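Computed from the coordinates by the stated procedures, all read-outs in this text should not be read as laboratory data. Treat the numbers as computed from the prediction; the structure is a model and nothing was measured. Cβ: placed from backbone, ideal geometry, glycine included. Neighbour counts: every protein chain shown.
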Amino acid sequence: MNSYAYYNGKFGKTDEITIPLSDRSIYFADAIYDAAIGVYDRILWEDEHIDRFMSNARRIGIHPTFDKKYLSALLREIAIKSMIESYFLYFQISRDLPMRTHSAAKSENNLLITVTPIEIKRTHNPLRMMTTEDKRHGYCDIKTTNLLPAVLASTKAEAIGCDEAIFVRKGIVTECAKSNISILKQGRVITHPKNNRILPGITREHLRAACSEYGIEFCEERFTLKELFSADEILITGTSKLCRTVGEINGIPVGGKDSKMADLLCDFIFNEYAALRAI
């Protein structure tokens, strides 16, 4: 089975699930989502993903009709029903109104969940990246489905043979289209501070934990495009990438000056996923 889905109480293959036009994610991207990876009924960092999902929903005024315990059980049930061993799990809550109107007052909830196969492997091959102007809205810290700037940046990156796009706002590196970015410089890990310009990634927090484990300073500081290119190493963290290094940006070689520390940090995060598979 290629993929499996759930929508408001209905289970089935993704091509069997229908979404009504009253779902406001269609017209307005009026929805919150989160995503995780897992194996069988085990979801990596499950509590953290669900907590962020519930918190983000409340931040935009969506009040789920279910609690964390219910959602956790449902995610596991769908993962088992899918019969997919290693998967990417996506879950979304949107507002629902019978009429297309900008106001979301008195709306109901819709819950969508999909499970698709994914293969996670530790690789030492560095990523190829490109930079692009960060034109996103001021709600980057909320994981909404309003992802047009990321879609455009990712499409452009793929078209020129790159793996990811790096957003830059007035000379400051913020994050990537699908992940967070950090640099290693003189034994320190530096990453953009938490504010409304970046999504506070869960894998990013596990990079912080890896730094704590090895006594490496983890600094939430802004860094410039110039500092990005001169960094000893560049790390990309995200749900499906986990932790990867960067070897090229805009066709220019970067990093490669502290592979021992980079490997140590990447291995720490990949080992958390490996431990999940070993249970």
- Message: Condition (residue is crowded, with 16+ Cβ neighbours inside 10 Å and hydroxyl-bearing (Ser, Thr, Tyr)) applied to region 155-165: is it met by at least one residue?
- Response: no
- How many residues of region 95-114 are in contact with a strand residue (DSSP E or B) (Cβ under 6 Å, 6 or more places away or on another chain) and more than 28 Å from ASP15 (Cβ to Cβ)? The answer is 1
- Note on the structure: Per the list (1) closer than 24 Å to ILE50 by Cα; (2) part of a helix (DSSP H, G or I), residue check on LEU199 breaks on (2)
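Hey, among the residues in region 224-248 that are of a type in the set (A, V, I, L, M) and in contact with a Cys (Cβ under 9 Å, 6 or more places away or on another chain), which one's nearest to GLU158 (Cα to Cα)?
Within region 224-248, the first condition is being of a type in the set (A, V, I, L, M), and the residues that meet it are 225, 228, 231, 234-236, 242, 246.
Okay, now just the ones that are also in contact with a Cys (Cβ under 9 Å, 6 or more places away or on another chain), so 235-236, 242.
Details: LEU235: 19, ILE236: 17, LEU242: 20 Å.
Only one residue tops the list, namely ILE236.
Considering only residues that are within 15 Å of GLY201 (Cβ to Cβ) and either surrounded by 24 or more Cβ atoms within 10 Å (Cβ to Cβ) or not basic (Lys, Arg) (or both), which ones fall in region 166-182? Full working, then the answer.
Start the filter on region 166-182 by keeping residues that are within 15 Å of GLY201 (Cβ to Cβ), which leaves 166-167, 173-182.
If the condition is that a residue be within 15 Å of GLY201 (Cβ to Cβ) and either surrounded by 24 or more Cβ atoms within 10 Å (Cβ to Cβ) or not basic (Lys, Arg) (or both), then ILE166, PHE167, VAL173, THR174, GLU175, CYS176, ALA177, SER179, ASN180, ILE181, SER182 are the ones that fit.
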- Message: I'd like the full set of residues that are assigned to a helix (DSSP H, G or I) and in contact with a strand residue (DSSP E or B) (Cβ under 9 Å, 6 or more places away or on another chain), limited to region 135-154.
- Response: PRO149, ALA150, LEU152, ALA153, SER154
